[in-house]
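The values are calculated or read from the model by the stated rules, or taken from the named source; none is laboratory data. Only a predicted model underlies this, so the values are computations on that prediction, with no experimental measurement involved. Using ideal geometry, Cβ is built from the backbone for each residue, glycine included, and neighbour counts are taken over all protein chains shown. Just the protein is used for accessible areas: all its heavy atoms, side chains included, with ligands, DNA and RNA removed. Shrake-Rupley method; radii C 1.70, N 1.55, O 1.52, S 1.80 Å.
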Amino acid sequence: MIKQEPSSELLEAEAHIWNQVFIYINSMSLKCVTELGIPEIIHKHGRPMTLTELVDALSGVDTAKADHVCRLMRTVVHSGFFVMEKIDSSDEQGYSLTPASRLLMGDHPMSMKEFVLSQLDSVLTEPWQHLSRWFQNIEDRTTFHITHGMSLWEQKKQNPRFGHLFDQGMGNDATIVANVITRDCRQVFEGLDSVVDVGGGTGTLAKAIAEAFPQIHCTVLDLAPVVAGLEGTKNLKYMEGDMFHYVPSSDAVLLKWIMHDWNDEECVQILKKCKEALTSNERAKVIIIESWRKRKERKRMGKALYQCWLKQLQDLYPLGLRSIIEVFP
């Protein structure tokens, strides 16, 4: 017999379920305003923008859908991406940008527009629909593989649209990280003559390091489809390669947002290659940028470091949800 819960507790439980079921509306609304270019439109307007003004400015949107635009904006205001402000001395209110929505503008120097669009692309969201199927599958493949019949990296090769968008999104993230670490974490690179950015994509982070520290020679290591045709500079070069097979010799090996993509055994393989690549420089190290806030994740990565005879010095600098960790041989 099911125990009869008090009405308040029952309603609270129902509300919790509702909140979790419909939480996807926040991310899909974020994707929608980004695709429609609403942050750029409001920024260009130069002052708080009324609903009528916004609907009129939206390209290809029927004015008959004004009520739906209103509901869309209500959602993203509630999420903290926009605010309502009074227009001059009138009682009328309009939409204004917040620090978060400014990062959704394509021409912002720290833009995260492509990051949002890539991470909310159906190629990445559809696998979540098959999570229970994955648990019931005896094969140790990811939900992505079950959904698309291939790995993420193979999908990038076969789907140029998604591959390009994904690389742009990673570049967005790297731009912000690069800005912070070259400005506030400069001591991480003291005493280094060379750095290799493993899985560094199109080189956004390496470029920033090369510009901020002209004495450091930077190498970007990534797969051929990613770095093919990219041109380096005086102290920056691109190298085609697979981190599981070879990492070029360097004073420091940088792993930004790499480790979470692989299982324990694969992380050990990567770290071993990184250790083999380190020079005899007394400052030689592996620089890892990852989200290690959860105790379980820290324990997992600590075990991988131990297996590679690497020792973690300390968590040096917090980077929002992530940290910079220096690891020495």
- Message: Tell me yes or no: at least one residue of segment 34-43 is over 30 Å from residue 126 (Cα atoms) and open to solvent by 90 Å² or more (accessible area, probe 1.4 Å).
- Response: yes
- Query: Which residue pairs have Cβ atoms under 8 Å apart, sit 6 or more places apart or on different chains, and have a first residue in segment 205-225 that is more than 30 Å from residue 157 (Cβ to Cβ) and a second that is surrounded by 15 or more Cβ atoms within 10 Å (Cβ to Cβ) and aliphatic (A, V, I, L, M)?
  - Reply: 213/192; 216/192; 216/195; 216/209; 216/210
- Taking segment 172-195 and the residues there that are of a type in the set (Val, Ile, Thr), within 18 Å of residue 252 (Cα to Cα) and within 20 Å of the chain's Cα centre (by Cα), the one that is most open to solvent (accessible area, probe 1.4 Å) would be 182
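Listed here are the residues, each with its yes/no results for (1) under 19 Å from the mean Cα position of the chain (by Cα); (2) closer than 28 Å to residue 254 by Cβ.
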residue	(1), (2)
125	yes, no
130	no, no
142	no, yes
170	yes, yes
- Item | Some residue of segment 249-262 being assigned to a helix (DSSP H, G or I) and within 19 Å of residue 285 (Cα to Cα) | yes
- Yes/no for residue 107 being on the phi > 0 side of the Ramachandran plot and either β-branched (Val, Ile, Thr) or open to solvent by 40 Å² or more (accessible area, probe 1.4 Å) (or both): no
- Message: Among the residues of segment 44-51, are any under 30 Å from residue 176 (Cα atoms) and in a helix (DSSP H, G or I)?
- Response: yes
- Has segment 174-193 got at least one residue that is under 20 Å from residue 259 (Cβ atoms) and of a type outside the set (A, V, I, L, M, F, W, C)? no
- Qualifying positions in segment 222-248 - part of a strand (DSSP E or B) and charged (D, E, K, R): 222, 237, 240
- Query: Would you call residue 24 under 29 Å from residue 171 (Cβ atoms), hydroxyl-bearing (Ser, Thr, Tyr) and in contact (Cβ under 8 Å) with a residue 12 or more places away in the chain?
  - Reply: no
- Note on the structure: segment 70-174: helices (runs of 4 or more DSSP H) wholly inside it with 2 or more residues that are closer than 16 Å to residue 201 by Cβ and at pLDDT 95 or above are 113-119
- Could you tell me which numbered condition residue 205 fails, if it satisfies all but one of (1) touching a helix residue (DSSP H, G or I) at 6+ places or on another chain (Cβ under 7 Å); (2) part of a loop (DSSP other than H, G, I, E, B)? (2)
- Item | Residue identified as surrounded by fewer than 17 Cβ atoms within 10 Å (Cβ to Cβ) and over 30 Å from residue 164 (Cα atoms) among 129, 136 | 136
- Item | Residue match in segment 295-313 (condition: of a type in the set (Asp, Glu), closer than 27 Å to residue 207 by Cβ and either modelled with pLDDT of 90 or more or outside any loop (DSSP other than H, G, I, E, B) (or both)) | no
- Message: Looking at segment 243-261 only, could you name the residues that are open to solvent by 20 Å² or more (accessible area, probe 1.4 Å), of a type outside the set (Ser, Thr, Tyr) and in contact with an Asp or Glu (Cβ under 9 Å, 6 or more places away or on another chain)?
- Response: 243, 244, 256, 257, 260
